[in-house]
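One structure is given here, and the rest of the page talks about it.
The values are calculated or read from the model by the stated rules, or taken from the named source; none is laboratory data. All figures in this text were calculated on a predicted structure; none of them were measured in a lab. Neighbour counts run over all protein chains shown; Cβ positions are idealised from the backbone, glycine included. In case anyone asks, the SASA skips ligands and DNA or RNA and just uses the protein heavy atoms, side chains included. Shrake-Rupley method; radii C 1.70, N 1.55, O 1.52, S 1.80 Å.
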Amino acid sequence: MIDLRESALTALKSCGVEAAALTGTLSVRTPLTGAELLSVRQTEDVGAVVSAAHAAYQEWRTVPAPVRGALVKRLGQLIGEHKDDLATLVTLEAGKIRSEALGEVQEMIDVCDFAVGLSRQLYGRTMPSERPGHRLMETWHPLGVVGVISAFNFPVAVWSWNTAIALVCGDAVVWKPSEKTPLTALACTALVDRAIAELHAPKDLHRTVIGGREVGEALVDSPLVPLVSATGSTRMGREVGPRVAARFGRTLLELGGNNAAVVTPSADLDLATRAIVFAAAGTAGQRCTTLRRLIVHTSVADELLGKLTTAYGKLPIGSPLDAGTLVGPLIDEAAYENMTAALDAARKDGGEVLVGGGRREIDGDGYYAEPSIVRMPSQTDIVRTETFAPILYVLTYETLDEAIALHNDVPQGLSSGIFTRDQQEAERFLAADGSDCGIVNVNIGTSGAEIGGAFGGEKETGGGRESGSDAWRAYMRRATNTVNASGQLLLAQDVSFL
Ligand code: UN1
């Protein structure tokens, strides 16, 4: 039996976390057993941290972007060197199985690579001016301090998407990790600090603030934080959005998902089964991209459900430290209570629980839930609600129009997929009158996106885009420049004056 506390301490020390940070009043529990791992120091003066980061930004913004890229390159190397340590902490704090914990760290390395390339490609456009001897162009400048608020379920990857991009864009970062996962945050912070020291970048360029709601509020309300990038519940986003907007700050919100897949009669059902099980039961249903609704054509529903219930019956549920485990614990007791309440509500609405829903007593006070599949007569309120647990609601359809209408009839709009071998059906799902989500896949589940694409969703998901493609633009400010080299004053729109 490995000592979880010792294992966390070894990983933290190896990443360079100092002992002083590990004595404090915020208790950190592991979902594996429910036991306390360590306790950490909370941040008292968030305002002072933000001011220090702002001063660092003022220096950093004049450093050429490719030179800024060198810092992120070093950060990516350090994360690579500590891949095992970071994955261990992700497993201990968030309960992920080894392969998913390593996958999360790989996302960090990938986004650092992406950001390094980007540091030479922060392109502005040159537009044809209507006036002779004039140049019309745009320049992208650093924005300021970016406040990053992250959730327990991707305790490090989501931070890295924001931080790697913000740093090459010339911004400083103040990070407020989830209170449930401060250890992974301290480990990442120690690695960034090391990269900053080695590259002689301003020392307060990246700061981490630890604590509860008040700490997040201080970031949200600070006029020195022009962009708040927040990942979490829709409830949290509903508070953060208007507060930041009231001071004319920007937000980048990644909130709830209620992701669905449509399975059509031509689908490869074996491929669909594997994709669905990973997307719905993987990470114990605790990704914002987790598959929560299945919309199946009536002609293949029984066959697909047979395959899915068989696969669910064999899913190895257990400690993520055991090599064969595929489903680890929920984050805490409250998460299991939410799951049970959702299943009760679904039953009341006429749902039939085909499999799962119980708790397995695996280790101490860990909440190990059996992933569940529930056949629903219609898309009732509980189906339209995101419950952060492994529950897959199943609905059936007759026509693709009906499937798409059901698919879009939820308040959230993050990720979606269609399983089909019919190109017309696939194209319809991808089209303007198809899925209304930010992520729309064909023959792939809803979770497990690559970092190269822009990540985010519509409606109550919040509308933000992070990570790849041109998501970097949110982290910079655009200046439009007109330069007159004609020697004459020519007014636009042919206006005459003076
Ligand atoms: C999240 O759950 O907050 O696409 C992010 C995925 C991961 C990221 C999920 N790359 O599932």
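Can you give me the C-alpha center-to-center distance between the range 7-39 and the range 424-449, rounded to a whole angstrom?
41
Give me, ordered by chain and number, the residues 5 or more places off Val355 or on other chains with an amide H under 5 Å from its own placed amide H.
Long-range HN contacts for Val355: Ile373.
Which entries of Lys96/Lys307; Lys180/Lys348; Lys307/Lys348 have Cα-Cα distances beyond 29 Å here?
Lys180/Lys348
Apply the Karplus parameterisation 6.51 cos²θ - 1.76 cosθ + 1.60, with θ equal to phi minus 60°, to every residue of the range 331-339 and state each ³J(HN,Hα) to the nearest whole Hz, in sequence, with x for glycine and proline.
Those phi angles translate into 5, 6, 4, 4, 5, 5, 4, 4, 5 Hz.
In what sequence, highest mean first, do 478-490, 53-65 appear when ranked by Cβ atoms within 10 angstrom?
Most protected by this proxy first, the peptides run 53-65, 478-490.
How do the peptides 273-280, 40-47 rank, highest first, by the average count of neighbouring beta carbon atoms within 10 Å per residue?
273-280, 40-47
If I compute solvent accessible area with a 1.4 Å probe over the protein chains, what percent of it on the range 4-255 is carbon and sulfur?
In the range 4-255, the share of accessible area belonging to carbon and sulfur is 54 percent.
Using Cα positions and a limit of under 17 Å, work out the aspartates and glutamates in reach of Lys203, with same-chain residues fewer than 8 apart set aside.
Output for Lys203: Glu18, Glu59, Asp171, Asp193.
So if I take the centroid of the Cα atoms in the range 340-396 and the same for the range 194-268, what is the distance between those two points in Å?
Distance between centres, Cα-based: 29 Å.
What number do you get for the range 259-442 when its Cα radius of gyration is normalised by 2.2 N^0.38 Å, N = residues?
Taking N as the residue count of the range 259-442, the ratio is 0.99.
Amide H of Ile149 versus every other amide H placed in the peptide plane: which residues, excluding those fewer than 5 positions away on the same chain, fall under 5 Å?
Those qualifying (amide H under 5 Å, at least 5 residues apart or on another chain) are Lys176, Ser229, Ala230, Thr231.
Ranked highest first by average number of other Cβ atoms within 10 Å, how do 383-390, 10-17 line up?
By packing density, highest mean first, the sequence is 383-390, 10-17.
For the range 160-232, what value does the Rg/Rh ratio take when both radii are computed over Cα atoms and Rh is the Kirkwood radius, given to two decimals?
Looking at the range 160-232, the ratio lands at 0.94.
Residue by residue through the range 201-208, what is 3J(HN,Hα) from phi via Karplus (6.51 cos²θ - 1.76 cosθ + 1.60, θ = phi - 60°)? Round to whole Hz and write x for glycine and proline.
7, x, 5, 9, 4, 10, 10, 10
What residues have an amide H closer than 5 Å to that of Gln42, excluding those fewer than 5 places away on the same chain, when H is modeled at 1.01 Å from N in the peptide plane?
Thr25, Leu26
Provide the per-residue ³J(HN,Hα) series for the range 292-304, in order, calculated from phi with Karplus coefficients 6.51, -1.76, 1.60 and θ = phi - 60°, each as a whole number of Hz, with x at glycine and proline positions.
10, 9, 10, 10, 10, 5, 4, 5, 10, 4, 5, 4, 5
Compute the accessible area per residue over the chain, keeping the other protein chains in place, probe 1.4 Å, unit Å². Could the numbers behind the result be given before it?
Values: 20470 Å² over 498 residues.
Computed with neighbouring chains in place, this is 41 Å² per residue.
Enumerate the whole-percent occupancy of each 20 Å bin, from 0 to the last occupied one, for all C-alpha pair distances of the chain.
23, 52, 22, 3, 0
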